[in-house]
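The values are calculated or read from the model by the stated rules, or taken from the named source; none is laboratory data. Note that the structure is a prediction, hence the values are computed from the model and not measured. Here the Cβ is made from the backbone with ideal geometry for all residues, glycine too, and neighbour counts use every protein chain on show.
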Amino acid sequence: MAEQELKKIPNQPENDLSAAEEEELGYVELADEVIAIVASLAALDVPGVVSMSTGFREGISNFLGKKSLAKGVRVKVTGHSCRIAVYVTVEYGCNIPEVAMKLQKKVKSAVDEMTEYTAEFVDVHIEGVKRREKSELEISFNNPEEGKSGSIF
């Protein structure tokens with residue numbers, strides 16, 4: 001009988017549920033930390049972002065062995081919207097305002113797409129500038145003597 005009622009509703013995809021069925025199934029609640037993890041992972045995908053910056057409180061947690069995927073992100077949720085503050089370290093030589101704009105867009109779109117919340121504000125805090133660590137290949141080209149120890153050539 002429930003299937004017949006669903007078919008009578010026009011223009012409704014099969015995966016959509018009516019309000020009555022949603023109440024029967026329950027509700028979905030996201031912890032603020034889930035939104036922070038989504039924002040943190042999106043921020044790390046932006047070219048020019050070296051790492052997420054940790055504050056004093058998060059630094060103590062890391063020291064005690066509690067690692068968080070949401071480090072460097074603070075979220076304040078109000079209703080179905082949220083305000084996100086992202087604290088990052090950027091790569092030396094990059095255009096900082098350009099990286100900050102890309103960061104805002106990437107975090108906003110990731111949070112909007114993956115959660116039911118709207119990221120109204122994404123505040124970017126540049127906490128530092130750091131050189132990107134060189135890969136083993138770059139090191140071997142710069143120091144050919146070091147690369148010889150395990151090389152087959």
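Values for this structure:
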{"item": "Residue that is in contact with a helix residue (DSSP H, G or I) (Cβ under 7 Å, 6 or more places away or on another chain) and among the basic types (Lys, Arg), where the choices are 76, 106, 102, 134", "result": "106"}
{"item": "Filter result for the condition that a residue is at pLDDT 90 or above, surrounded by 10 or more Cβ atoms within 10 Å (Cβ to Cβ) and either in contact with a His (Cβ under 7 Å, 6 or more places away or on another chain) or among the polar types (S, T, N, Q) (or both), over 61, 68, 40", "result": "40"}
{"item": "Any chance residue 77 is touching a strand residue (DSSP E or B) at 6+ places or on another chain (Cβ under 9 Å), modelled with pLDDT under 95 and either surrounded by fewer than 18 Cβ atoms within 10 Å (Cβ to Cβ) or more than 13 Å from residue 34 (Cα to Cα) (or both)", "result": "yes"}
{"item": "Within segment 95-107, considering residues that are crowded, with 16+ Cβ neighbours inside 10 Å and in contact (Cβ under 8 Å) with a residue 24 or more places away in the chain, the one nearest to residue 76 (Cα to Cα)", "result": "107"}
{"item": "Residue count for segment 80-94, restricted to those that are free of Cβ contacts under 8 Å to residues at least 40 places away in the same chain and under 15 Å from residue 39 (Cα atoms)", "result": "1"}
{"item": "Of the criteria (1) surrounded by 12 or more Cβ atoms within 10 Å (Cβ to Cβ); (2) at pLDDT below 80; (3) within 24 Å of residue 130 (Cβ to Cβ), which one residue 56 fails", "result": "(1)"}
